[in-house]
Amino acid sequence: MSPTLIAVLGIIVLFLLMLLKMPISFSMFIVGFLGLLVMSTPTAAFGILTADLWNQLSSYSLSVIPLFILMGELVFRTGITEKLFQSAYKWVGHYKGGMASTTILASAGFAAISGSNSATAATMGTMAFPELKKYNYDDKLSTGSVAGGGTLGIIIPPSTVLIIIALQTEQSIKDLFFASLIPGITLTVIFLLMIIYICQRNPDLGPAGPKAAMGERFHSLIGVIPIFLLFVFVIGGLFFGWFTPTESGAIGAFGALILSLVMRKLTWEKLVIATSSSLRSSAMVLMLVVGAMVFGRFLTLTRLPYDVAAWVGSLNVAPVLILIAILLIYLIGGALMDAMGFLIISIPIFFPVAMSLGYDPVWFAVVLCMVTSMGAITPPVGVNVFVVKGLRADVPIEKIFIGIVPFVIAYVLCIAILTIFPEIVLFVL
């Protein structure tokens, strides 16, 4: 049996295991290890497994994952981001669709210190839905803005997805963080423009709220300053080389802890919940990394990624058409299964293809992050949609999926802009 056929069979078995509801990390680990046994001797397979596992799990850079997750959990559980929502509302709440725009702006602010799409959606939904109902916002627009705004949590740094991509593709976490800043802001602006367009066409969907005095607006910014300073210190210190990504995560987690204590938002119960949730999330992500490492090693031995890259390179078509095909595969894969899981499975296959086509690795990583975050709102596995459904049980799931359509369109526009103008991603490097 040829190595390529073994690789294809391995991928089929992997998807069969996932269809049987086996966790993605375990599925990748089992298929990868069995593939190593087939492609080499048992001694060599166990040798590869133990050496790679030790090198991966003892890596200093891997500790950045639980640190940034803990920072986001502390901010999420203690509710110190309420001032973000209040300040955003003071500034834009009096416009048509202003409350939905407030949700997007507050989500962007929370994303800057969270790194989680579901946490961003849950936090913003808890604060926004009572106000959205109060001002008679259309259910589709209100649920769509919360679910769509929540996806900013894995685009604007610090982002767990970007960290995983950096580790899998052996890139700098720092470079990916800075490269995603402008794309994240660009997507936020497109979200806002989409809401304005919708509410200008039909003002009844998002009625304007009361206008705050200019003094109230500026006074509301005081509550945003601590969160803003935390983000600037963590990301700015990384940019200026004051500390490494891991040190940045540690300072961010410590800063979130101090901030929640100073603002008297932290209780012992909230600390326990934040810590235990961080441990569970970190274990899940680290197991995904381990499973991806073993599965990736198996694919490398079969040389499938290089064969695919060579085959794609021999095609007489424009590279952008192949790129579009790859992104469509990610979109479909993310719609049918967990988007992050599909990302981890597919990177060993498609990353070499993108490099063979001459695309910049940092640019491609940011675009992949965009597509992955879009998977959080695309049916049938859009995790943010189900988070919103949990908060708004009175709204049918079909209506929520209809509500996210404008935000999916915004994603497509943003990815198209980044493809036409890659300098948006690369100019900060």
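The values are calculated or read from the model by the stated rules, or taken from the named source; none is laboratory data. Everything numeric here is computed off the predicted structure, so don't read it as measured data. Glycine also receives a Cβ, built like all others from the backbone with ideal geometry; neighbour counts cover every protein chain displayed. Just the protein is used for accessible areas: all its heavy atoms, side chains included, with ligands, DNA and RNA removed. Shrake-Rupley method; radii C 1.70, N 1.55, O 1.52, S 1.80 Å.
Lys and Arg at +1, Asp and Glu at -1: add these up for the other residues within a Cβ distance under 10 Å of Lys133 and post the number. So the surrounding residues net to -1.
The share of accessible area on the chain that comes from carbon and sulfur is 72 percent, using a 1.4 angstrom probe.
A 1.4 Å probe over all protein chains sorts Met22, Met293, Met99 by accessible area into Met22, Met293, Met99, starting with the largest. Applying the Karplus relation 6.51 cos²θ - 1.76 cosθ + 1.60 with θ = phi - 60° to the stretch 68-85 yields 3J(HN,Hα) values of 5, 5, 5, 4, x, 5, 4, 5, 5, 6, 8, x, 7, 8, 4, 5, 4, 5 Hz, where x marks Gly and Pro. The lysines whose alpha-carbon is closer than 26 Å to the alpha-carbon of Lys140, local same-chain residues fewer than 8 away aside, are Lys83, Lys90, Lys96, Lys211, Lys389, Lys399.
Ranked by the mean number of other Cβ atoms within 10 Å of their residues, highest first, the peptides 274-282, 154-162 come out as 154-162, 274-282.
Of the whole protein surface, Val8 contributes about 60 Å² of accessible area at a 1.4 Å probe radius. The alpha carbon radius of gyration of the stretch 106-245, expressed as a multiple of 2.2 N^0.38 Å, is 1.19.
Shown here: the stretch 39-108, whose C-alpha atoms stretch 68, 26, 16 Å along the first, second and third principal axes, sorted largest to smallest. Between [x] 68, 49, 42; [y] 54, 44, 42; [z] 73, 47, 42, which matches Cα extents along the principal axes in Å calculated for the structure shown? Read-out taken from this structure: [z].
Classify the stretch 277-384 as rounded, prolate or oblate, taking a ≥ b ≥ c as the square roots of the eigenvalues of its Cα gyration tensor: rounded when a/c is under 1.5, otherwise prolate if a/b is larger than b/c and oblate if not.
Here the stretch 277-384 falls in the oblate category.
With q set to 0.28 Å⁻¹, the log10 of I(q)/I(0) for the stretch 77-116, from the Debye formula over equal scatterers at the Cα positions, is -0.89. Packing-based ranking of 196-209, 83-96 yields 83-96, 196-209, ordered from highest to lowest mean Cβ neighbour count within 10 Å. Of the peptides 352-364, 306-318, the order by per-residue mean of other Cβ atoms within 10 Å, starting with the highest, comes out as 352-364, 306-318.
Between rounded, prolate and oblate, where does the stretch 195-320 land on the alpha carbon gyration tensor, with a ≥ b ≥ c its root eigenvalues, rounded for a/c under 1.5, else prolate if a/b exceeds b/c? Verdict is oblate for the stretch 195-320.
Counted by Cβ distance under 15 Å from Ala212, the other residues give a net charge of +2, where Lys and Arg count +1 and Asp and Glu count -1. Computed from the Kirkwood radius of its Cα pairs, the Stokes-Einstein diffusion coefficient for the stretch 322-371 at 20 °C and 1.002 mPa s stands at 198 µm²/s. Suppose R0 equals 25 Å; then what is the FRET efficiency for Gln200 and Ile402 from their Cβ-Cβ distance, rounded to the nearest 0.05? Calculated transfer efficiency: 0.80. When Rg and the Kirkwood Rh are both derived from Cα coordinates, the Rg/Rh ratio for the stretch 184-257 amounts to 1.16.
If R0 is 51 Å, the Cβ-Cβ spacing of Trp242 and Ala416 corresponds to a FRET efficiency of close to 0.90.
Would you please classify the overall shape of the stretch 1-79 from the alpha carbon gyration tensor, given that a ≥ b ≥ c denote the square roots of the eigenvalues, rounded means a/c under 1.5, and beyond that prolate means a/b larger than b/c while oblate covers the rest? It is oblate, given that a/c is not under 1.5 and a/b is not larger than b/c.
A cut-off under 10 angstrom between Cβ atoms defines the neighbours of Thr4, and their net charge, with Lys, Arg +1 and Asp, Glu -1, is 0.
Counting only aspartates and glutamates at least 8 places from Lys134 when in the same chain, those with an alpha carbon closer than 19 Å to its own are Glu82, Asp204, Asp394. Separation of the stretch 385-403 from the stretch 167-206 is 22 Å, based on Cα centroids.
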